[in-house]
Amino acid sequence: MGALVTVLILITCVILVIVVLIQNPKGGGLSAEFSSSNQYMGVRKTADFLEKTTWTLAIALLSLSLLSNLAKPGEAETGESVMQEQIDNAPLPVAPPAAPNPIIPQGTE
C-alpha cells in the first residue's frame, strides 16, 4: 500500500510540475498558442482549465501525502518501525583497544 501511494505521489508531482510550467501569469505559455479565433478552446478557457488542473493536482498531492502518513510501509503491529527494532536489537559497538603510549626519551629537548 505504501509503495502504491509513493508512486502516485511521484506521478502527481511530475504532472503538477508540467502543468505549472505550461502556465505563464503574463498571458504567455500555452494560452498564447491558442490566440487565433478559429479554435476549440479560447484563451480564457485554457487558463481556466490549467488553473483547475493545478488546484486539483495540489489537492490530490496533499491528500496522498496525508494518506502516506497513515499507510507507512515499515510499521509493525506494535507501532514501532522496522528500523527502530533493528536499532534496538543491534549489538553495542565495542571500543577499539587503546594504543600503547610511546616512550619519549628524556633530555632530547
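The values are calculated or read from the model by the stated rules, or taken from the named source; none is laboratory data. The structure displayed is predicted, hence computed values, not measured ones. As a convention, Cβ positions derive from the backbone with ideal geometry for all residues, glycine included, and neighbour counts pool all protein chains shown.
The table below gives the values:
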| read-out | value |
| --- | --- |
| Residues of the stretch 5-24 that turn out to be without any contact (Cβ under 8 Å) to a residue 60 or more places away in the chain and either β-branched (Val, Ile, Thr) or surrounded by fewer than 13 Cβ atoms within 10 Å (Cβ to Cβ) (or both), as a count | 13 |
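One line per residue, one yes/no per condition, for (1) in contact with a helix residue (DSSP H, G or I) (Cβ under 7 Å, 6 or more places away or on another chain); (2) closer than 24 Å to VAL5 by Cβ; (3) modelled with pLDDT of 85 or more; (4) assigned to a loop (DSSP other than H, G, I, E, B):
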site: ASP48; (1), (2), (3), (4): no, no, no, no
site: THR53; (1), (2), (3), (4): yes, yes, yes, no
site: LEU64; (1), (2), (3), (4): yes, yes, yes, no
site: SER68; (1), (2), (3), (4): yes, yes, yes, no
site: THR78; (1), (2), (3), (4): no, yes, no, yes
site: GLN84; (1), (2), (3), (4): no, yes, no, no
site: PRO100; (1), (2), (3), (4): no, no, no, yes
site: ILE104; (1), (2), (3), (4): no, no, no, yes
site: GLY107; (1), (2), (3), (4): no, no, no, yes
